[in-house]
Amino acid sequence: MLHYFTSTEKKCWLITNGLTKYNVILIAIKSSDLIKIEHIFKNALFEQLMYDGITIEFDKLDSIIGTLDVLPTDNDPSTTGFQNHYLETLDWWKNEFGSLENMPINDLVNRLNSSPILIGKGRKMSDYTDAITEMKTILLE
């Protein structure tokens, strides 16, 4: 799910996988970038995966993703809630770093991806996980 937001008048995208709640942030996206958005997204995802300790060959990742299609949202309230929380967290971090452009994006997204999350209906401690663990499960099976 893609959430568009602005930071210091720059257009940014928070992209969250609905199944794993794994995040990638693209900053300063211009309309001229849209023609190459598939390349930009795949490279950003690959870099974030490597930063998060998920080792995968780029060609394998590319074959898993295939061609990007921008579709209307499914209005998944769970993912929307996660994204709203993540955006509030980024706003809080702006106090420390000033602006999004000054933030260590991969490090901050790693913090989001390694935060405890609850996927499913259980409420036991063993039901909690994090987005990195969930993404590893999907990509490395």
Aliphatic (A, V, I, L, M), closer than 25 Å to I27 by Cβ and touching a residue at least 24 places away in the same chain (Cβ under 8 Å): which single residue out of L71, L87, L140 fits that description? L87
Kindly provide the set of residues from segment 31-46 that are closer than 15 Å to I65 by Cα, touching a helix residue (DSSP H, G or I) at 6+ places or on another chain (Cβ under 8 Å) and not basic (K, R), ordered by number. I40, L45, F46
Subset of segment 1-43 (residues that are within 9 Å of the chain's Cα centre (by Cα) and either among the β-branched types (V, I, T) or part of a helix (DSSP H, G or I) (or both)): I15, T16, V24, I25
Report, by residue number, each residue of segment 114-136 that is out of contact with any strand residue (DSSP E or B) (no Cβ under 9 Å at 6 or more places or on another chain), hydroxyl-bearing (S, T, Y) and under 17 Å from N23 (Cα atoms). S114, S115, T133
One residue is enough: does segment 48-63 have a residue meeting the conditions out of contact with any Leu (no Cβ under 6 Å at 6 or more places or on another chain) and under 14 Å from I15 (Cβ atoms)? yes
Name the single residue that is surrounded by the fewest Cβ atoms within 10 Å (Cβ to Cβ) among those in segment 1-41 being in contact (Cβ under 8 Å) with a residue 12 or more places away in the chain, over 27 Å from E134 (Cβ atoms) and not hydroxyl-bearing (S, T, Y). K30
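Only the coordinates and a few stated rules stand behind these numbers; no lab work does. Computed from a prediction, not measured in an experiment: that's the story for all the values here. FYI the Cβ positions are ideal-geometry reconstructions off the backbone, even for glycines, and counts take in every protein chain you see.
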